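Chemist: Take a look at this one; I'll ask things after.
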Amino acid sequence: QVQLVESGGGWVQPGGSLRLSCAASGSRFTLYAMGWYRQAPGKQRELVATIANSNRTNSADSVKGRFTISRDGVKNEVYLQMNQLELEDTAVYYCNLRILVYGLGGPSTYDYWGQGTQVTVSS
């Protein structure tokens with residue numbers, strides 16, 4: 001089993017910054033990607049940003065230029081630097097770890113999720 005522990009959420013005024021961290025621990029795994037997703041009240045969970053084992057990144061258009069994802073491969077940690085926060089960024093942010101699993105049918109992926117951390121942007 002793998003555990004994900006998130007930290008760094010909180011309250012911030014519009015235009016402010018927050019940095020989220022997520023640490024993966026437990027069983028050994030083959031990393032495919034790590035990332036952040038968020039879910040606002042009454043909305044579906046959506047992708048914020050991901051970073052692959054190759055360090056290739058992907059992010060939602062709504063956060064491009066404001067949020068930066070990075071990772072520490074040695075510590076198995078992923079970070080989300082959020083700048084110029086907007087009211088619409090208010091949500092619960094979930095850390096995601098996607099690992100490779102090798103079975104009889106070939107490789108597949110499996111997702112682990114953190115417990116979520118609240119980010120509130122308001123004046």
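The values are calculated or read from the model by the stated rules, or taken from the named source; none is laboratory data. All values derive from a computational prediction rather than experimental measurement. Cβ sites come from the backbone with ideal geometry, for glycine too, and all protein chains shown count toward neighbours. In case anyone asks, the SASA skips ligands and DNA or RNA and just uses the protein heavy atoms, side chains included. Shrake-Rupley method; radii C 1.70, N 1.55, O 1.52, S 1.80 Å.
Chemist: On the given criteria, is ALA23 among the aliphatic types (A, V, I, L, M) and open to solvent by less than 30 Å² (accessible area, probe 1.4 Å)?
Modeler: On the way: among the aliphatic types (A, V, I, L, M): yes; open to solvent by less than 30 Å² (accessible area, probe 1.4 Å): no.
Judged against the criteria, ALA23 is not a match.
Chemist: Taking the residues in the range 62-109 that are in contact with a Phe, Trp or Tyr (Cβ under 9 Å, 6 or more places away or on another chain) and of a type in the set (Asp, Glu) as candidates, determine which candidate is surrounded by the most Cβ atoms within 10 Å (Cβ to Cβ).
Modeler: Looking at residues that are in contact with a Phe, Trp or Tyr (Cβ under 9 Å, 6 or more places away or on another chain) and of a type in the set (Asp, Glu), I get ASP89.
Chemist: Conditions first: (1) open to solvent by less than 70 Å² (accessible area, probe 1.4 Å); (2) over 22 Å from TYR110 (Cα atoms); (3) not charged (D, E, K, R). GLN13 passes all but one, so which condition is the exception?
Modeler: The one condition GLN13 does not meet is (1).
Listed here are the residues, each with its yes/no results for (1) in contact with a Cys (Cβ under 9 Å, 6 or more places away or on another chain); (2) closer than 19 Å to THR120 by Cβ; (3) surrounded by fewer than 13 Cβ atoms within 10 Å (Cβ to Cβ); (4) without any contact (Cβ under 8 Å) to a residue 60 or more places away in the chain.
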residue	(1), (2), (3), (4)
SER17	no, yes, yes, no
SER27	no, no, yes, yes
THR30	no, no, yes, no
LYS43	no, yes, yes, yes
GLU46	no, yes, yes, yes
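Chemist: Suppose we keep only residues that are in contact (Cβ under 8 Å) with a residue 24 or more places away in the chain and of a type in the set (A, V, I, L, M, F, W, C) within the range 102-123. Which one would you say is nearest to ILE51 (Cα to Cα)?
Modeler: Out of the qualifying residues, it is TRP113.
Chemist: Quick check on the range 32-41: of everything there that is of a type in the set (A, V, I, L, M, F, W, C) and closer than 16 Å to VAL119 by Cα, which residue is least open to solvent (accessible area, probe 1.4 Å)?
Modeler: TRP36
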